[in-house]
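Everything on this sheet refers to the single structure shown next.
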Number of protein chains: 2
Amino acid sequence: MPEAFIRKLSAKMAVYEKGEIRDVVERRTPVSVHEAIHKVMRRVVKGPSETTALKNTYGRFLGEDVIADHDVPHFHRSRYDGYAIQSENTQSASPEHPVEFKVIDAIGAGCTTSKTVHDGQAVRIMTGAQIPDHCDAVIMLEETKAFEKQGQSFMTVTKALASGENVIFKGEDVKEGTVLLTKGTYINPGVRAVLAAFGYSRVKVTKKPEIGIYTTGTELLDISEPLVPGKIRNSNGQMLQAQIERAGGKPFDLGRLNDNFEACYQSIAQALESFDYLITTGGVSVGDFDYLPAVYKKLGAHVLFNKIAMRPGSVTTVAEYNGKLLFGLSGNPSSCYVGFELYVRPVIRTYLNSPKPYLKKIRARLSVDFPPNSFTRFVRSNVSFCHGKWRVSPTGLDKPHMISSLVEANALAVLPGGTEGYIRDQMVDVLLLNEESQSSESL
Amino acid sequence: MPEAFIRKLSAKMAVYEKGEIRDVVERRTPVSVHEAIHKVMRRVVKGPSETTALKNTYGRFLGEDVIADHDVPHFHRSRYDGYAIQSENTQSASPEHPVEFKVIDAIGAGCTTSKTVHDGQAVRIMTGAQIPDHCDAVIMLEETKAFEKQGQSFMTVTKALASGENVIFKGEDVKEGTVLLTKGTYINPGVRAVLAAFGYSRVKVTKKPEIGIYTTGTELLDISEPLVPGKIRNSNGQMLQAQIERAGGKPFDLGRLNDNFEACYQSIAQALESFDYLITTGGVSVGDFDYLPAVYKKLGAHVLFNKIAMRPGSVTTVAEYNGKLLFGLSGNPSSCYVGFELYVRPVIRTYLNSPKPYLKKIRARLSVDFPPNSFTRFVRSNVSFCHGKWRVSPTGLDKPHMISSLVEANALAVLPGGTEGYIRDQMVDVLLLNEESQSSESL
């Protein structure tokens, strides 16, 4: 056991003997989850945009509004394979009295005709091709009968067509000037199709927020180190990197914070200059000689809160320094996971200009009983649709050390605190973790 | 109009005059959607694995089973901040008769003690630290009273502890030998945490299938070309690239196929050697001088089907050549989109070894009436949870040319064909497009 630790422990124990530990613990006044989210979101900034090739934009967020600079379609098109004609020429047509048309040209997709279509004339036209001037309807190929007369193509029509029949009109899909897509839109395959159709071979996207991650804890080994008694490998760093990527940010693993206070302070001060946000894991509890509160103090950072009425993750701390947010997540994997999803993810999505930064909330039947808890619980769960019902099942025993319970988790069941517990089949709120379509409303 | 086109058209019209066109059209016998999926999935191959750094694995699929090579935790740990003791020493403890312990050492997280704990002795222990030998319980700091006597640390306990109280046992989370993760698991943040905890600084993932995309159509302009009468920009290429990325594959945009049949044949034959799968868009209808059927014939490819009883996308064609699948998707954006999601996505997910290759299916209330249709419809829709109910709303007028209807689509409403239509508020099946948790069952 290091001497420094013994000295710190002794000092703490001395404080405890004087009956002060309980005071120190209780000095942290828990804020509600809503209040914590509100405090963080009030300080959120929106990110700048950068230009990139369209092919690199899947999963990015638009950095500009996209406005239609032309109608779609930008010409009248044929809905079917057939003949373009003037509808008034067909008004007397019937099976008994077919009307005859002379076929004067043929238009393939992407082509146009230079000919003028007169009464009694038709132009063979392919699906999607441009309707010739003076024509206002298309008769489907199957509804006509073609024949030849003196080396010329003809066809007959046996029914009357309405004006506009089988024509897709200019601007029918999108009118010029329409706002097609707003800044902050998530670029899915359909969005990308629209960008392509409007000629955006390069497009503005919001820069991904760059987020540094420092882990703390003398008990942590690097992933590639062999296990030794008393120590465990650092899993939070990799987990957070993936959570940042899922949220749309760019993670930077800064490794472990030095145990030396001054070095630790310097590292954090420097990281705050280099990154848009900084996440630390561990070192925020009152119970284990945590020095992050001291770092916040020396920086002169404003601590927004250091205790939240929630389980797990009640020690989640957020501080602000020079307009930048420092997220002090708990060192325990589940608390770290939940703290990220509730407080960091909406900050990232807002930075990306998304108007829907919050996890999507649905309701589902709880698969098990839950005992009462004074704080609101966020239970890592798997939500599924089975036999016509939505069911939410906790993925582990919900003990904070259960890393394995994170694997199957695709949702957080929300169980508000109170004196009564929850019973099986009760409907509860559920936050979806994997859903791109998020919500504009918090919890 | 190009002369070649006129010649082809004339030839076709000549055939039509002989009453043969209808035969050609009707020779395509539609298969059901289930049958089409089954035919494709019978020919699916599973991809090989490659090794990559853990930090690059978000969104990839595991290429190996991951088995616990040690217990988790791999030592008995303290659940709380407090003192490790032998529980039998507390059996007589009560508020009236506190039991006194001499504190002989302190163990921080990541540390161990070299001392032997005898009767009447305790070791101060932090959350998560290793329980000393001979101790079997931890009393929480708040439940003790510390004091000093002759320069030595002591504390008293006023309640009896059970053996194992506040101890997280070795292997309680995961037993050595447990299969933690199976090949084909999607690597989400929780999976990555588990991989880190088990020392996988490098991990086997399944290689992404490499998929070439050829678009066809004389009406298509490149994204960066200005609009001209009769032509439209190619949006399918970009859309498919994003769909492939969403499914987990690696897209390669091969541009437009040459109009010359021989050059086109050569391009396709060559692409089949270079890529795991090949997608073409357009050129599969009978109506528009499509030459892909001729290419399949010249290749000697086995056409699995060329007509499916579905809307849109009934002309979706899949062929097999030398164990590789060629997907002939329709050139119309919506048909192309739906064809990809129903037939290509499960092939990609199976290649990635996922046991759940199919889109997740839920049920929701239809927001509008729908007329009857003989073929099953897959309507691009937005599914949302609102006022306690799941609602599915078509995102456009469901006309095949409506690119803009793809933007808001996060689901496909499934409306089986039949003589009766659908009415508002009727419950229908819905396939989710953005959900990572997929299904092992088709439709």
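The values are calculated or read from the model by the stated rules, or taken from the named source; none is laboratory data. The structure displayed is predicted, hence computed values, not measured ones. Cβ placement follows ideal geometry from the backbone for every residue including glycine, while neighbour counts extend to all protein chains displayed.
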Exercise for review: Report whether or not B:Pro416 is within 29 Å of B:Lys39 (Cα to Cα), more than 21 Å from the chain's Cα centre (by Cα) and at the interface with another protein chain (Cβ under 8 Å from one of its Cβ atoms).
Suggested key: no
Point to revise | Sole exception among (1) touching a Ser or Thr at 6+ places or on another chain (Cβ under 6 Å); (2) assigned to a strand (DSSP E or B) for B:Gly331, by number | key: (2)
Exercise for review: Would you be able to tell me the number of residues in the stretch B:122-141 that are without any contact (Cβ under 8 Å) to a residue 40 or more places away in the chain and surrounded by fewer than 22 Cβ atoms within 10 Å (Cβ to Cβ)?
Suggested key: 1
Exercise for review: Within the stretch A:349-356, identify whether any single residue is assigned to a strand (DSSP E or B) and of a type in the set (A, V, I, L, M, F, W, C), and answer yes or no.
Suggested key: no
Practice item. Inspect the stretch B:126-134 for any residue being among the β-branched types (Val, Ile, Thr) and at pLDDT 95 or above and give the result as yes or no. Key: yes
Study note, to complete from the structure: Checked the stretch A:286-315 for anything away from chain B (no Cβ under 14 Å), in contact (Cβ under 8 Å) with a residue 12 or more places away in the chain and within 27 Å of B:Ala106 (Cβ to Cβ); matches are A:Leu292, A:Pro293, A:Ala294, A:Val295, A:Tyr296, A:Lys298, A:Asn306, A:Lys307, A:Gly313
Practice item. Of the numbered conditions (1) of a type outside the set (Gly, Ala, Ser); (2) in contact (Cβ under 8 Å) with a residue 24 or more places away in the chain; (3) farther than 30 Å from B:Asp81 by Cβ, B:Val228 fails exactly one; give the number of that condition. Key: (2)
Exercise for review: Filter the stretch B:358-370 down to residues that are more than 14 Å from every other protein chain (Cβ to nearest Cβ) and more than 24 Å from B:Ala36 (Cβ to Cβ) and give me whichever is surrounded by the fewest Cβ atoms within 10 Å (Cβ to Cβ).
Suggested key: B:Asp369
Revision key, fill the gap. Note on B:Val383: of the conditions (1) free of Cβ contacts under 8 Å to residues at least 40 places away in the same chain; (2) assigned to a strand (DSSP E or B), unmet is (1)
**Study point:** Scan of the stretch A:299-328 for residues that are assigned to a strand (DSSP E or B), touching a Phe, Trp or Tyr at 6+ places or on another chain (Cβ under 6 Å) and hydrophobic (A, V, I, L, M, F, W, C), ordered by number
**Key:** A:Val303, A:Met310, A:Val318, A:Ala319, A:Leu325
Check your understanding: Out of curiosity, is B:Lys183 touching a Gly at 6+ places or on another chain (Cβ under 6 Å) and touching a residue at least 12 places away in the same chain (Cβ under 8 Å)?
Key -> no
**Study point:** Residues being small (Gly, Ala, Ser) and farther than 18 Å from A:Glu143 by Cβ - total across the stretch A:71-109
**Key:** 2
**Study point:** Leading residue by the ranking (modelled with the highest pLDDT) among those in the stretch A:308-328 that are buried (at least 24 other Cβ atoms within 10 Å of the Cβ) and under 19 Å from A:Ala411 (Cα atoms)
**Key:** A:Met310
Practice item. Please indicate, with yes or no, whether at least one residue in the stretch A:401-412 is assigned to a loop (DSSP other than H, G, I, E, B), at pLDDT 95 or above, more than 25 Å from the chain's Cα centre (by Cα) and closer than 30 Å to B:Gly171 by Cα. Key: no
Review point. Scanning the stretch A:96-125 for residues that are modelled with pLDDT of 90 or more and touching a Leu at 6+ places or on another chain (Cβ under 8 Å), which turns out nearest to A:Phe154 (Cα to Cα)?
Key: A:Arg124
Exercise for review: Would you check which residues across the stretch B:62-81 are in contact with a helix residue (DSSP H, G or I) (Cβ under 9 Å, 6 or more places away or on another chain) and modelled with pLDDT of 95 or more and list them?
Suggested key: B:Leu62
Practice item. Among what's in the stretch B:239-250 and is more than 8 Å from chain A (Cβ to nearest Cβ) and on the phi < 0 side of the Ramachandran plot, pick the residue that is surrounded by the most Cβ atoms within 10 Å (Cβ to Cβ). Key: B:Ile244
